[in-house]
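The values are calculated or read from the model by the stated rules, or taken from the named source; none is laboratory data. Computed from a predicted structure; not experimentally measured. Cβ: placed from backbone, ideal geometry, glycine included. Neighbour counts: every protein chain shown. Areas reflect the complete protein model, heavy atoms only, side chains present, ligands, DNA and RNA absent. Shrake-Rupley method; radii C 1.70, N 1.55, O 1.52, S 1.80 Å.
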Amino acid sequence: MKNLTGCCSCGSIEYTLREYPMFTHTCHCTLCKKITGSAFIINTMIEGWNFKLAAGVLKNFLGPTGSGRQHIIKRCNDCGEAIVSYFGDTEHLAVVKVGSLNEPNLLPPQAHVFVDTKLDWVQLDDGLPQFEAFYDFKSLWPEKSYERLLKVRDKQREQRKVST
């Protein structure tokens, strides 16, 4: 697989995904609609160490989440476009905004989440799994992707132990 690359709309930010992401989904939750100003967002998940900033400066913004946990949205320092998010207290799992990729067609969604709050006029007839809220990672993700996620979670636990 060739490296996937992306940028912000003003061109200040450039980044590379060094591995193929673990999983991609479309989120229809109210918060994602607010963050994007659109009907939904498409997010892809990859290990934080496989997201490499090549140019520009990302600025951290603290955003709300449905669970009340910490959500850091990293935006271009110049144009403010959201590029990647991190949930929780580590940056081991990067949630990349697929629309910021140079070739977003390479990462079609594999599921829809929070369809209970999708806009009525959005028609979901693509045959993808749909979830009223979120899904169970182990039962939905491909086995290799789930194994990668478990490694990310192990690193998160290790970091939490060190920082306490």
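At-a-glance table
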| read-out | value |
| --- | --- |
| The chain shape via C-alpha gyration tensor axes, a/c threshold 1.5 | rounded |
| Cleavage-rule hits, GluC sites (Glu not before Pro), the range 1-89, DSSP coil, Cβ neighbours within 10 Å at most 15 | 19 |
| Integer Hz, Karplus 6.51/-1.76/1.60 couplings in order for the range 151-159, x for Gly and Pro | 5, 4, 5, 4, 5, 4, 4, 4, 5 |
| Per-residue HN-Hα couplings for the range 87-98 [Karplus 6.51, -1.76, 1.60; θ = phi - 60°; Hz; x = Gly/Pro] | 9, x, 10, 9, 10, 7, 10, 8, 10, 8, 6, 4 |
| Percent RCO, i.e. relative contact order, over the range 36-164, from Cα pairs under 8 Å lying at least 6 residues apart | 21 percent |
| Members of 52/155; 74/151; 52/138 lying beyond 21 Å, as alpha-carbon distances in this model show | 74/151; 52/138 |
| Theoretical gain in end-to-end length, residue 38 to residue 155 [0.36 nm per residue, Cα-Cα removed] | 38.8 nm |
| Residue-normalised accessible area of the range 78-137, given per residue in Å² at a 1.4 Å probe | 53 Å² |
| For the range 88-141: rounded, prolate or oblate by the Cα gyration tensor [a/c cutoff 1.5] | oblate |
| Using θ = phi - 60° and Karplus 6.51 cos²θ - 1.76 cosθ + 1.60, couplings along the range 73-86 (whole Hz; Gly, Pro as x) | 9, 9, 10, 4, 5, 8, 9, x, 5, 6, 10, 8, 10, 9 |
| Heavy-atom accessible surface of the range 1-75: percent carbon and sulfur, 1.4 Å | 53 percent |
